[in-house]
Structures are given as C-alpha cells and as structure tokens.
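**Student:** Just passing along the structure, written as structure tokens.
The numbers here are math on the coordinates, done by the rules we state, and not lab data. These numbers come from a predicted model, not from an experiment. As a convention, Cβ positions derive from the backbone with ideal geometry for all residues, glycine included, and neighbour counts pool all protein chains shown.
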Amino acid sequence: MSAQRLLLAETRADVGLLEPLAGTEESLWVALGPQAMLELRRRGWSYVTPEDAYRPGDIEAAMGEVRAQCMRFARAADAALHEKLSVLRERDVFPFRFSMIPMLMIFETLALKIFELQALMAKFEGCTLVCPDRPLAGTGLYGLTFPDHTPMYGAILKLPGWKAKVDFVPAGAPRLSVMKRARLSVKSLIERSPLLFSLYSNLMSRDLAGLIDTLFGGGKPSVIVNGSEGQWSFLYGDIRSMGLRVVHYFGADHELQGGAGRKAEDTLDSAWHFTKLLGMDCRDILEPSLSRIAAMAGALQRSYQSKLDKMMSRLDVRGVLACGTGTMGRHVINSTAKGMGLPVISWQHGFIGYNKRITQFQHYIEMMSTTHSLVYGEETREDLLRGNEEGFGAEVVAAGSFILGAIRERALAGPASKSWHPGGRPASVLYITASYYTNHWFNGFSPALNDRRMLGAQLEIIRSLDRLVAEGKISAIVKLNPLFQSLAAEDIRDYNVEVVRSERSLEDMVLECDAIVIDVPTTTLLMSVSTGKPVFTLMSLVRYSDDEIRKLSRRAVCASSTAELLKEIEAYVRHGDYPADVCDDTFWNSYCSPGPPGASGIQYTRGRALEVLERMLAP
C-alpha cells in the first residue's frame, strides 16, 4: 500500500476525531478496536487491522515471555515487601501473587498493544502514525486494571524508544456519567460493612430467612461468604440447619483506591527492571497500578486481620466460603482466615479446561488461598490439578454445579411437545454473543482471544441468521453481555433479529429456544449443554484440547470455522440434520456434573458439598 500515514482509531469517537485527516490516498485507516470497525463500516470506509500485519501464532510466543516477566516481577516485589513488612511474611500474604489475575491483565494488555504497534510499523515502514492523545486515567477491574473506557494506544506511543514518527491529535478523556459514579460510591459504601453487605445480599436474593438471621441471629456460630455467593446461595438453608449463620463480606476492589498516586520506588526497587516488555520500558504506564498494590498491602492486611479478629470474637466464625477469588483483598481475607486455622472453601466460577495450559489461570483463583476447592466435573478436577504449576495445596473435589443442575432439571421436566421439527413453525434460534476484552485482555486461552476477529465472526453469524429469518426458517434472538463491552443494539438494528441485553435471564432463554449458537464456548457453553437442546459452537476463537473437543462433539456441533458453523446451522433449520446427540452425557459428566446419568445432578451436588462442609465446619 502507498499510504504515507496511518490513522489509528480504537473507538467511534476516534473515527470522528481523525475524520478531517482522512479522504486522501495518503491516509489509511487502522481499526484497533471493535467500535472503530463498526463506525468505519457504517461510513463505508475501508480499513486494515493489526491482524493484516502479523501471524496469529506470533502472539503465543511473545506472550509466553511477557507472562514469565509478570511472574518474575511478582516474585521480586513480594520478596521486597516481605523484607520491609515482616507481618506479610509471617501471615503468608503475597500481595503481588494474590493480584496475579489483574497483573496478567495489565502486563499482557499492554504487551499485546505494543506487539500490534510494532507489527504495523514493520509492515508500513516509513509511515507516520496519527493517534488521538488521551490521558490514561482511572482504573478498571479489581481497582487495578486499565480503564475499559479509555483508549491506550496514545499513551503507549509516548513511551521512549519508538522509531516511527507519531503525530498526536488532542482529545479529551472519556468520563463516567454522574449516575455511574454515584452508583459506584454507594456500592463501595455497602461493601465496606459486613452488616450492610449481608443485608444487601439478603435483599437482592430475596432471602427472607437470611435477612432475619442477619438482623436477629446473634449468638450463633457463623460462616463468612467472601465476595459473590455463586453456588453457595443454594446451600444457605442447609448451612442454617447446621446451626450456622451466614455473614456476607466483601474483599473490596475499591480499598486499593487508597493507594492511588502513592509511589513505591524504594520498596520495589529490585522489581522494576522486570517492567521491560517486548523491548519497551513500560514502567511509566505500569507503575500507578503496581505501586498501588505495594502502598496498600500492609494496610489491607492489618484491616482485614482486625475485622476478622472482631468477627471471630463476636460471631464465632467457623470458616470462609468463596467464589471467584480474583482480587488481592479477597485472597488476603482467605489467607488470613487460613492463618487463623479456619477452612477456606471455594467453588468454581466459569469454565475450566486445559489446552497447553489451564484456562484463564484458574488455579490462582480456585487454589491459591484456599484449603478446599469444589469444581464441577471429574475432568475439571484433573485439569485444575494438572494446571497447578505453583503447587498450591488445596484439596480439589468434583461436586457439580447447582446452577447447571437447575437448568438441566427444568429441561428434564419440560414437555416434549415443545420440540421443534423441520417443516413446522420457524425454529427459535438463540445466539449468545461474547463480550470484548478491550483493556482487560490477557492470554488466558489458546489461541489468544481477539476482539476484532470476534466481531467479524459475530457479524457474519448475524447476517446468516438474518437471511434465514427473511426466508421464514427461523426467528432469531441475539443475547448481548449485560456487564461488559460488547455489540450494541444499534449496531445490528438493520437485521431481523430480536436483541436482548439484560431484560431476560440467560437461564430462561436457553430453555425457551429450539437451538443455541455460541461464538466463544466458555461458561455459556456449560449452560447450553445442560438444556437438552441442539448446540452449535464455534471453536476457532477459543480452542479446546483434542480430548475436550472429542467429548463435546458427541453432544454439540463443534465448527472449526464460521463458514462451517453456518453450514451446520442451515442444515439443521432446513432439514433437521444434527450430527450430535442431545442426550449424550459424556461432556456433561466430565465438565458439568459427575452425578448419575440422566439426572440433574442437584442431589449429588448437595451431598458432595455438605460432606465437605460438615467435615470442615464442625465445632
């Protein structure tokens, strides 16, 4: 290409900002994010993406070294903190290792964007890069990651060492709405108090017995639910029948905000040289988040130790229950409780598999600070143990899932007359779309997930469903992620599909449709195979191991490309062809529930979980 300058756009706003510079043969648009791709398509303008400048396999090699660098930093930083704050060493608190999931997001998101820019500069050598200049302010997930609403490429291009010429176009920083800031403030206030958070949890789950217990259950021994309740809410009645009171507590992300702006040069001096990524010195961008961990580690440990001491004396705490422990605060609570001799029992949240490595580094979430980890299936248990590279000592028990079991129980009880057959009414097809990782990306899957490839597949699937709707073969519902950045309803308003974000629960929707389509097979796949409905899943964005695909293929259609996926969907809605067996339980028993064949698994799950609780929480 003969372009002399590359217009780097990540968002819709970036396209509008750089529009005055477009329109000549000298300029070439580069779409760095799904929003920019959608806006450029809407305007009918051509563009390239970073994928045009590198081979997908190159990312795996680059990110392997970045991950190793992240772990080197964590080990060096924890050693430095233990040297300065002996209480952390004595209590087995490892602030940076406890922050491994957000740290991987920080290191690998930054490294991925550097990799993309390096690839673009190599392919379009001699071109001037034109980029919006926005300050990188605020925080994202866990109070540590880069903010989801702020483009990062401008800040990265200001790092020293780039050889290409860069022109910056001034742009304001995106701002959170007043309402969103108010909601976050109220949320943080509630999460700071075990009493308020317990009352809030009781009210949100309509747990009247729990509300009464929270208000009037003083004197009973207690069990603490650390953070979100997940599967544990199904056992509250059983726990209360054991004579225990359920107290909700939250190792809150916002507590790290107290470290904002603090420096930690002296404390982490031995670790900073591990912030060089792909040849670039990234300390200036990484330091705000990493210093926050160091600045607040001692205070957080003392705070949680004090609160747990008070709870122990006032509430007679017998143990801690956890679900999805991804933050330093929650790990500190777990570790502090373990140090006091209490059992800490986690329960799996989300899909766990193993393809070259454990998916999304789940051993850091499920095993790092716990004594026991309940997981869904026997293969899940084996995968978690196989991926436990750090040698964490938690006992892992395959217990199944109440959430998946409840879906399966409703499916088993449903009337057979609702089954769809070709030649009758149009088939109701539910397409569950994945959200984009944006600034929360890390290489937790193999191959590496890619937001731009994901959007391309999503639009291709929606166009095909739209055509089948026009032919009268199907009705189509597109389910968007209610929490994270994803397709917006206005992006697909020209297609004949119903769009749902949060108006209906996914648990209901997977049972009401005739067939389910998935682009990224993670937790949504586990829910879908619990239904007894035909499932069509794309396996190119996230690939399972050969053994996982072999088992899943007996239950669901696994397509290696979007074209293959669409061909299989069309064969089903036109002729009823479905090469898998909706009654095959091989994958279900391996990754959802090891309970008896043909059953929901709920009784099995209750029995296995109570066996662990009664053994560990007894006086």
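**Student:** Suppose R0 equals 56 Å; then what is the FRET efficiency for residue 504 and residue 86 from their Cβ-Cβ distance, rounded to the nearest 0.05? Before the final figure, lay out the partial values.
**Tutor:** Values: r = 53 Å, r/R0 = 0.95.
E between residue 504 and residue 86, to the nearest 0.05, is 0.60.
**Student:** Here's another thing I want to ask about it. Run through segment 1-32 and list the GluC sites (Glu not before Pro) located in a DSSP loop whose Cβ has at most 15 other Cβ atoms within 10 Å.
**Tutor:** Values: sites: 10, 25, 26; in loops: 10, 25, 26.
In loop regions of segment 1-32 (DSSP not H, G, I, E or B), the sparsely surrounded GluC sites (Glu not before Pro) are 25, 26.
**Student:** Choose one of 137, 38, 440: the residue whose Cα lies farthest towards the positive end of the charge dipole of the chain (beta-carbon charges +1 Lys, Arg; -1 Asp, Glu; about the Cα centre).
**Tutor:** Working it through, the farthest residue towards the positive pole turns out to be 137.
**Student:** Given charges of +1 on the Cβ of Lys and Arg and -1 on the Cβ of Asp and Glu, with all other atoms neutral, how large is the dipole of segment 405-592 about its Cα centre, in debye to the nearest 20? Can you show the working numbers first?
**Tutor:** On the way: 21 positive and 25 negative charges, 16 e Å.
For this selection, approximately 80 debye.
**Student:** Using a 10 Å cut-off on Cβ atoms, rank the peptides 115-122, 59-66, 516-523 from the highest mean neighbour count down. It would help to have the intermediate numbers written out before the result.
**Tutor:** Working: 115-122: 20.1, 59-66: 16.4, 516-523: 23.2.
Highest mean packing first, the order is 516-523, 115-122, 59-66.
**Student:** Sorted by packing (mean other beta-carbon atoms within 10 Å per residue), highest first, where do 88-99, 428-439, 37-48 land?
**Tutor:** Working: 88-99: 21.3, 428-439: 23.0, 37-48: 16.1.
So the peptides 88-99, 428-439, 37-48, ranked by packing, come out 428-439, 88-99, 37-48.
**Student:** Please list, by residue number, everything in segment 582-619 whose backbone N is under 16 Å from a paramagnetic label point 7 Å out along Cα→Cβ of residue 242.
**Tutor:** What the label zone holds, given the 16 Å backbone N cut-off, is 605-619.
**Student:** Further, regarding this structure: Only four residue types carry charge here, +1 at the Cβ of Lys and Arg and -1 at the Cβ of Asp and Glu. Report the dipole size of segment 486-581 about the Cα centre in Debye, rounded to the nearest 20.
**Tutor:** About 300 debye.
**Student:** So, one more: How many nm is it between the label spots at residue 283 and residue 12, if each spot is 7 Å from the Cα in line with the beta carbon?
**Tutor:** Output for this residue pair reads 4.1 nm.
**Student:** How much of the DSSP beta bridge set in the chain is antiparallel, as a percent to the nearest 5? Walk me through the numbers before you get to the answer.
**Tutor:** Values: 3 of 56 bridges.
Restricted to the chain, the bridges split so that about 5 percent are antiparallel.
**Student:** Still on this structure, please answer the following. When a/c reaches 1.5 or more, the comparison of a/b and b/c decides; with that in mind, is segment 405-592 rounded, prolate or oblate per its Cα gyration tensor?
**Tutor:** Working: a/c = 1.40, a/b = 1.09, b/c = 1.28.
Rounded shape, in that the Cα axes give a/c under 1.5.
**Student:** Tell me the label-point distance for the pair residue 577, residue 489, using the 7 Å Cα-to-Cβ offset, in nm and rounded to one decimal.
**Tutor:** About 3.7 nm, to one decimal.
**Student:** Also, I was wondering about something else. Using mean Cβ contacts within 10 Å as the protection proxy, how do 484-497, 552-565 order, highest first? Intermediate results must be reported in sequence, preceding the final value.
**Tutor:** Details: 484-497: 15.9, 552-565: 19.6.
Listed from highest to lowest mean packing, they are 552-565, 484-497.
**Student:** In percent, how large is the relative contact order of the chain, given Cα pairs closer than 8 Å and 6 or more residues apart? Walk me through the intermediate numbers first.
**Tutor:** Details: 1107 pairs, mean separation 78.7, N = 619.
The normalised contact order for the chain reaches 13 percent.
**Student:** Within segment 1-31, name every residue whose backbone N is under 20 Å away from a label modeled 7 Å from Cα of residue 42 along the Cβ vector.
**Tutor:** Residues 7-23, 29-31 qualify, since their backbone N sits under 20 Å from the label point.
**Student:** Here's something else I'd like to know. Compute, for the chain, the length of the dipole vector about the Cα centre, with Cβ point charges of +1 (Lys, Arg) and -1 (Asp, Glu) only. Units Debye, rounded to 20. All intermediate terms of the calculation are to be shown ahead of the outcome.
**Tutor:** Values: 69 positive and 71 negative charges, 268 e Å.
Dipole of the chain, to the nearest 20 debye: 1280 debye.
**Student:** Next question. So if R0 is 51 Å, what FRET efficiency would residue 167 and residue 316 give, r being the distance between their Cβ atoms, rounded to the nearest 0.05? Don't skip to the answer; put the middle values down first.
**Tutor:** Numbers: r = 65 Å, r/R0 = 1.28.
Calculated value: 0.20.
**Student:** Still on this model: For the chain, what is the mean residue ellipticity at 222 nm derived from helices alone (per DSSP H run of n ≥ 4: -39500 (n - 2.57); sum divided by total residues; nearest 500 deg cm²/dmol)? Mind showing how you got there, number by number?
**Tutor:** Working: 23 runs with 271 residues, N = 619.
Theoretical 222 nm ellipticity from helices: -13500 deg cm²/dmol.
**Student:** OK, next. Among DSSP beta bridges whose residues both lie in segment 307-420, state the antiparallel percentage, nearest 5. If you can, show how the numbers build up before the last one.
**Tutor:** Numbers: 1 of 11 bridges.
Around 10 percent antiparallel, to the nearest 5.
**Student:** Something else about it: Multiplying the sequence separation of residue 389 and residue 561 by 0.36 nm and subtracting their Cα-Cα distance, what value in nm do you get? Walk me through the numbers on the way to the answer.
**Tutor:** Details: separation 172, 0.36 × 172 = 61.92 nm, distance 3.20 nm.
Additional length available on full extension: 58.7 nm.
**Student:** What number results when the radius of gyration of the chain, computed over Cα atoms, is divided by 2.2 N^0.38 Å? Kindly include the intermediate steps, with their values, before the conclusion.
**Tutor:** Details: Rg = 25.1 Å, N = 619, 2.2 N^0.38 = 25.3 Å.
The chain yields a ratio of 0.99.
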